[in-house]
1. Within segment 13-33, track down each residue that is acidic (Asp, Glu) and in a helix (DSSP H, G or I).
2. Testing Asp27 on (1) farther than 22 Å from Met92 by Cα; (2) surrounded by fewer than 15 Cβ atoms within 10 Å (Cβ to Cβ), one condition comes back false. Which one is that?
3. Just give me the residues in segment 58-92 being β-branched (Val, Ile, Thr) and out of contact with any Ser or Thr (no Cβ under 9 Å at 6 or more places or on another chain), in sequence order.
4. Scan (1) touching a strand residue (DSSP E or B) at 6+ places or on another chain (Cβ under 7 Å); (2) aliphatic (A, V, I, L, M); (3) closer than 25 Å to Lys6 by Cα for the single condition Ala77 breaks and write down its number.
5. Does Ile3 satisfy being surrounded by 14 or more Cβ atoms within 10 Å (Cβ to Cβ) and assigned to a loop (DSSP other than H, G, I, E, B)?
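Values quoted throughout were computed directly from the atomic coordinates according to the rules given, and no laboratory measurement underlies them. Nothing here was measured: the structure is a model prediction, and the numbers come from that model. Glycine gets a Cβ as well: all are built from the backbone with ideal geometry, and neighbour counts include every protein chain shown.
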Amino acid sequence: MKIVIKNKSELPIYEQIEQQIKNQILDGTIGEDEQLPSIRQLARDLKISVITTTRVYNDLSDEGFIISVAGKGYFVAPRNNDLLKERMLCEMEEGLEKAVSNGRNAGLSDDEIIAALKEYLKNAE
């Protein structure tokens, strides 16, 4: 598991870590049922607080990405594709909400915002 913390990022450290772990689970880099580092080990590896790593694992557990097995640690949860799809849809909607807000703040019309999204999609393929 590779995690890079960017000190100049707008996202708090715990969100950076959560997002990277989620992405690695979704793209298969971290496999189903794979054990994650312990909370203390992850904190040591990233040179961050145990409180931060505890929050990361609790949030990922609450969202259904990982599970805690008493006495053994944290593991990637079995894939529930409907649940993961719903969560990713929610995150996409949040991103779109921010993008539309930024576009409107920049004085763009809805048609210009839609055109920008279509152009992005065309180039992302």
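1. First pass over segment 13-33, keeping only residues acidic (Asp, Glu): 15, 18, 27, 32-33.
Of everything in segment 13-33, those that are acidic (Asp, Glu) and in a helix (DSSP H, G or I) turn out to be Glu15, Glu18.
2. Exception for Asp27: condition (1).
3. Taking segment 58-92 and keeping what is β-branched (Val, Ile, Thr), we get 66-67, 69, 76.
Matches in segment 58-92: Ile66, Val69, Val76.
4. Only one criterion in (1) touching a strand residue (DSSP E or B) at 6+ places or on another chain (Cβ under 7 Å); (2) aliphatic (A, V, I, L, M); (3) closer than 25 Å to Lys6 by Cα is unmet by Ala77, namely (3).
5. Numbers: surrounded by 14 or more Cβ atoms within 10 Å (Cβ to Cβ): yes; assigned to a loop (DSSP other than H, G, I, E, B): yes.
Criteria met by Ile3.
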